[in-house]
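The values are calculated or read from the model by the stated rules, or taken from the named source; none is laboratory data. Predicted model, so just to flag it, every value in this text is computed and none were measured. Note: ideal-geometry Cβ built from the backbone for every residue, glycine included; neighbour counts use all protein chains shown.
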Ligand SMILES: C[S@@+](CC[C@H](N)C(=O)[O-])C[C@H]1O[C@@H](n2cnc3c(N)ncnc32)[C@H](O)[C@@H]1O
């Protein structure tokens, strides 16, 4: 990918917001925090605590590799059984081979993060209150890679067409996007299409998942790497693991850049972009929409545009934060934007030719022009002070209270498992201990043990 150092002039320190950062040892340095942000696979790694975030992703990589190795071993044990039919044998042998190769391919792609980071300090990571969401692993959104760079032409075209339509609807004939930032770019096909088909000066595609950006980099520079697809509902025996060649229509044109970073601490100076695009991300980020909207406002130049595209299915623990389309548009307007132009269209989503599973999604697209600045939101804190400092009382939350009670009972039930007692015996003991009546205890123990049994049978997913 062609290099152009001017994009790094937009960088700001994700710890203190100082800008610009100076170039140092192939990375970027904040003279105020005295922290150097490295480049990983030639992509700037702009997380507030670079060593610890590298360590976290590395441990998630090793967790994935371990899961794959267990998966392979389980299948080999199944293969050794006497009653395996010839077709089943054929399928399992293919799957074992695919999983083993997939493991090696992942390791190879992620070699840039698989290095011992220097003295990652968990304490300083906590102190900065940044943390990777627990539900994000190396292979979360893995399916996007094949959709983006192999079989997804129909879906990818539908997506870029939505962006083109909303851009021209929003501002008459003005299709120029100028300096463009894509937040949560994933495997980057939409970012690539925007850069190749719309009038951008430069495009920065940011995500925090190293696998997605490292694959995107390889494909967009013209390589044709291969990666296995493991469809959700394989159509045939061969479809359980499909080795796919990934490729871009042509190498990406100049002035396209990748950055590793967290959308909740975007490492860019205020007023750096003419356009910020949020594709399939506003409803999954761990931060409420009003705060996200204020951050996006801050990144935009005066009259800059925010383009949103994708699902609208907020899954916040508080129901008040699960916004409807109407509330979403109102929140955008309150965050210093003109009333957005919006549209909805139903498009295919993740319809792999090898899978019986695919869906349709009614995507919600809007464009909103910035009308003025709003107050800068506080830096994102992933954890409350009582966890970070250890000097404030741990609050006695109602959920902690009920968890404590059920954990005590569960651990007591576990302690009763001695290879001899039946569920009825254990229920009797719980009754004697006055923890539950016999009638309550038996079904409760059965439910708990069923869950434990299910967990022990569960396959690791890809
Ligand atoms: C649903 S996927 C969408 C990917 C891509 N925009 C697309 O349209 O295919 C969400 C993406 O957001 C990324 N993501 C989620 N939270 C993020 C955060 N806080 N900072 C940066 N990226 C994030 C994920 O790694 C993932 O690639």
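Annotation note: of 58, 15, the sole residue that is under 24 Å from the mean Cα position of the chain (by Cα) and not in a loop (DSSP other than H, G, I, E, B) is 58.
Every condition in (1) away from the ligand (no atom under 16 Å from the Cβ); (2) modelled with pLDDT under 95; (3) out of contact with any strand residue (DSSP E or B) (no Cβ under 8 Å at 6 or more places or on another chain) holds for residue 176 except the one numbered (3).
Of the residues making up region 199-215, those that are farther than 14 Å from residue 273 by Cβ and more than 10 Å from the ligand (Cβ to nearest atom) are 199, 214, 215. Taking residue 182, is it closer than 18 Å to residue 310 by Cα, more than 10 Å from the ligand (Cβ to nearest atom), at pLDDT 95 or above and buried (at least 23 other Cβ atoms within 10 Å of the Cβ)? So residue 182 does not fit the description; no. Flag not set for residue 272, criterion: surrounded by fewer than 21 Cβ atoms within 10 Å (Cβ to Cβ) and more than 15 Å from the ligand (Cβ to nearest atom). When residue 303 is tested against (1) over 19 Å from the mean Cα position of the chain (by Cα); (2) outside any strand (DSSP E or B), just one condition goes unmet, and that condition is (2). Scoring residue 87 on the criteria (1) without any contact (Cβ under 8 Å) to a residue 24 or more places away in the chain; (2) within 21 Å of residue 234 (Cα to Cα) leaves a single failure, condition (1). Take the conditions surrounded by fewer than 22 Cβ atoms within 10 Å (Cβ to Cβ), in contact with a strand residue (DSSP E or B) (Cβ under 9 Å, 6 or more places away or on another chain) and in a helix (DSSP H, G or I) and apply them to residue 193. Does it pass? No; evaluated as a whole, the condition is false for this residue. Looking across 159, 168, 124, one residue alone is within 12 Å of the ligand (Cβ to nearest atom) and either over 26 Å from residue 52 (Cβ atoms) or at pLDDT below 65 (or both). It is 159. Reported count of residues in region 240-253, each being over 24 Å from residue 108 (Cα atoms) and either modelled with pLDDT under 95 or touching a strand residue (DSSP E or B) at 6+ places or on another chain (Cβ under 9 Å) (or both), is 0. Checking each residue in region 11-29 for being surrounded by 23 or more Cβ atoms within 10 Å (Cβ to Cβ) and modelled with pLDDT of 95 or more picks out 11, 13, 21, 28. Among residues of region 379-406 that are closer than 30 Å to residue 18 by Cα, those with a beta-carbon under 6 Å from a residue that is part of a loop (DSSP other than H, G, I, E, B) and at pLDDT 80 or above at least six positions away or on a different chain give the pairs 380/264; 380/265; 385/392; 386/392; 386/394. Just to verify a result, which residue in region 408-460, among those that are in contact (Cβ under 8 Å) with a residue 24 or more places away in the chain and within 30 Å of residue 64 (Cβ to Cβ), is surrounded by the fewest Cβ atoms within 10 Å (Cβ to Cβ)? Step by step, filter region 408-460, then rank; the result is 459.
Of the numbered criteria (1) at pLDDT below 95; (2) surrounded by 14 or more Cβ atoms within 10 Å (Cβ to Cβ), the one residue 354 fails is (1). Could you check region 216-226 and list, in sequence order, the residues that are more than 15 Å from the ligand (Cβ to nearest atom), touching a strand residue (DSSP E or B) at 6+ places or on another chain (Cβ under 8 Å) and either under 21 Å from residue 281 (Cα atoms) or not in a loop (DSSP other than H, G, I, E, B) (or both)? Correct list: 226 only. With respect to residue 152, is the statement that it is more than 23 Å from residue 98 (Cα to Cα), buried (at least 20 other Cβ atoms within 10 Å of the Cβ) and within 12 Å of the ligand (Cβ to nearest atom) true? So residue 152 fails the test.
Against the definition (part of a loop (DSSP other than H, G, I, E, B) and at pLDDT 90 or above), how does residue 379 come out, yes or no?
Numbers: part of a loop (DSSP other than H, G, I, E, B): yes; at pLDDT 90 or above: no.
Considered against the rule, which asks whether it is part of a loop (DSSP other than H, G, I, E, B) and at pLDDT 90 or above, residue 379 comes out as no.
If you filter region 185-201 down to residues that are in contact with a helix residue (DSSP H, G or I) (Cβ under 8 Å, 6 or more places away or on another chain) and free of Cβ contacts under 8 Å to residues at least 60 places away in the same chain, you find that the one that is farthest from residue 221 (Cα to Cα) is 198. Condition check for residue 47 on (1) within 25 Å of residue 188 (Cβ to Cβ); (2) part of a helix (DSSP H, G or I): one failure, at (2).
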